[in-house]
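Beneath this line is the structure, given in structure tokens, with notes to follow.
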Amino acid sequence: MKNEKKLTLKDVAEQLNVSTATISNAFNRPDQLSVKLKESILSRCKEMGYYGPNAAARSLRTGRTGIVGIVLSDELSYSLSDPVANQFITGMAEVLEKSNYNMLLLSASELSSDSQRRMQSSMVDGFIVYGYRSQQYRDAPWLDKSKNVVVVDSHIPGASSVNVANEQGAFDIAVHALQHRPKSVAIMGLELLETDRVCRIFDDELLDADTSISIQRLHGYRRALEQSGIQISSEQIWNIPHNTHKLAYQAAREALMMANRPQLLLCMSDRVALAAVQAALHMGVRVPEELHVVGFDGIPESDTFHPSITTVHQQTVEKGRIAAEMFLGLRPSCNVELQTKLKVGLSCPAVNSSTA
């Protein structure tokens, strides 16, 4: 059987009487060509048995793969269903697509072997790390100083970062809620401890504040409580190990069954706040007449739920855009902190409009 010569990009360009850049654009940047020209080139290439520039060869030639590893701290199945992570990924995609960059989604919790880490590190030009936890990933490939790394919602020494003013946002919403002068307060914490159990906390078990947005939010709540002269013990702070409705519902029911039932729940996410309101309503506790609930994040469901959730809106999509722009060199590498905004809903209205 006669061996056929494998077509190169140059061969195809000569046969179609166009430049190699035009052929490359037809496959990789079709927005740069007219629809008619693009379709004509792709059709002719298919007839010739040519299916685009070789990515491996391009990588060897340029030293770049055109791929950024997006490292998510949780399992991919969870991250893809989480509204906050989704908004973050959307913001990145908007920027990366314009620069013809691809995303490789990785779960930090699933990088189990050295060979797997090396393989994934070789596939990407660098990493955007979302929610890095230093306690769990000391030998991770994104700690390689030769790689381009941007970290989000955490800090890695030597890497640029994009964060939210978590402590200030928590302080602001707690100050708002405490204007109702609740007799008892409980905090629905999120991933405060390194455990898979719904439980109360002990201060000496808390994770590192520098790498935990939940600890930063806890500091904000406590600062507001101290400013209002309210003492809160560890018995009034719950640890919810994962940001899921089921676990948040369980923690909220436990809190609302206390002898001294809370009149205010400070929740570290909107998902937790939504579950807490649902638990209260199922138990016959009226919101906001008997219980005020606040969240954090500003996800769309907090607006559409009834009663709507009083929350802290963080710029999650913008966080993704900035991280991608920094990775691509479209903005200076630095540490960015985005401000939050209090968004008042019916679950904890302003004092002058409260029915409590």
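The values are calculated or read from the model by the stated rules, or taken from the named source; none is laboratory data. This is a predicted model, so every value here is computed, not measured. Glycine also receives a Cβ, built like all others from the backbone with ideal geometry; neighbour counts cover every protein chain displayed. Remember, those area values only see protein heavy atoms, side chains included, never the ligands or the DNA or RNA. Shrake-Rupley method; radii C 1.70, N 1.55, O 1.52, S 1.80 Å.
So here's what we get for this one:
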quantity	calculated
Any pair with Cβ under 8 angstrom, 6 or more apart, that starts in region 141-153 at a residue that is at positive phi and charged (D, E, K, R) and ends at one that is surrounded by 15 or more Cβ atoms within 10 Å (Cβ to Cβ) and not in a helix (DSSP H, G or I)	153/130; 153/131; 153/132; 153/162; 153/163; 153/164
Every pair of residues 6+ apart whose Cβ atoms lie under 6 Å, when the first sits in region 269-284 and is touching a residue at least 24 places away in the same chain (Cβ under 8 Å) while the second is of a type in the set (D, E, K, R)	269/297; 270/297; 279/253
Residues of region 283-339 classified as surrounded by fewer than 16 Cβ atoms within 10 Å (Cβ to Cβ), over 16 Å from the mean Cα position of the chain (by Cα) and closer than 17 Å to residue 270 by Cβ, total	4
Selected residue (criterion: modelled with the highest pLDDT) from residues of region 237-282 that are open to solvent by 10 Å² or more (accessible area, probe 1.4 Å) and hydroxyl-bearing (Ser, Thr, Tyr)	249
Scan of region 340-355 for residues that are open to solvent by 80 Å² or more (accessible area, probe 1.4 Å) and modelled with pLDDT under 95, ordered by number	352, 355
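Okay, residues lined up against (1) under 22 Å from the mean Cα position of the chain (by Cα); (2) within 30 Å of residue 297 (Cβ to Cβ); (3) modelled with pLDDT under 80:
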residue	(1), (2), (3)
34	no, no, no
46	no, no, no
71	yes, yes, no
74	yes, yes, no
81	yes, yes, no
87	yes, yes, no
108	yes, yes, yes
121	yes, no, yes
128	yes, yes, no
